[in-house]
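The values are calculated or read from the model by the stated rules, or taken from the named source; none is laboratory data. Note that the structure is a prediction, hence the values are computed from the model and not measured. Positions of Cβ are generated from backbone atoms using ideal geometry, with glycine treated the same way; all protein chains shown enter the neighbour counts.
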Amino acid sequence: MKKFLSHIDQTVLSMAGLRLFSGLLEITAAIIMLSLNDVKKAIVVNSMLAIVGPLIFISTMMIGLISMANEVSLSKMIFIAIGVGFILFGIYK
């Protein structure tokens, strides 16, 4: 396993690790909702996930963008940031 992970880029490993963590939170929340068996409590659990999801998205994007900062021009970075902003705007509007 250690040999396998040594061939993976550290940035990609960090991004994938955050996504795995997010997935684990989603599965855990689903199990909690099933165990609570109450719609009101399930909505509270779901609202907590609504906060965590965008934070994971932003964190993952920032890790990738910081890693690419030397390879991508400033104008392209601005367009990527605007695109991320539009995605977040679309989620919350």
Worksheet item: List pairs: first in the stretch 38-54 and modelled with pLDDT of 90 or more, second loosely packed, with under 13 Cβ neighbours inside 10 Å, Cβ under 9 Å, 6+ apart or cross-chain?
Response: 42/34
Response to the item:
Of those in the stretch 35-82 that are assigned to a helix (DSSP H, G or I) and either touching a Cys at 6+ places or on another chain (Cβ under 8 Å) or among the charged types (D, E, K, R) (or both), the residue surrounded by the fewest Cβ atoms within 10 Å (Cβ to Cβ) is 40
Worksheet entry | Qualifying residue in the stretch 17-24 (condition: of a type in the set (A, V, I, L, M), over 20 Å from residue 87 (Cα atoms) and assigned to a helix (DSSP H, G or I)) | yes
Discussion item. Take the conditions surrounded by 10 or more Cβ atoms within 10 Å (Cβ to Cβ), over 16 Å from the mean Cα position of the chain (by Cα), free of Cβ contacts under 8 Å to residues at least 40 places away in the same chain and assigned to a loop (DSSP other than H, G, I, E, B) and apply them to residue 8. Does it pass?
Written reply: yes
Practice prompt. Output the residues belonging to the stretch 53-93 that are aromatic (Phe, Trp, Tyr) and over 15 Å from the mean Cα position of the chain (by Cα).
Written response: 79, 86, 89, 92
Worksheet, complete the sentence: Considering the stretch 22-34, residues that are among the hydrophobic types (A, V, I, L, M, F, W, C) and surrounded by 12 or more Cβ atoms within 10 Å (Cβ to Cβ), and then whichever is nearest to residue 59 (Cα to Cα), we arrive at 25
Practice prompt. Kindly establish whether residue 69 is within 25 Å of residue 32 (Cα to Cα) and without any contact (Cβ under 8 Å) to a residue 12 or more places away in the chain.
Written response: no
Fill in: Residues that are in contact with a Lys or Arg (Cβ under 9 Å, 6 or more places away or on another chain) and not hydrophobic (A, V, I, L, M, F, W, C), drawn from the stretch 34-93
60
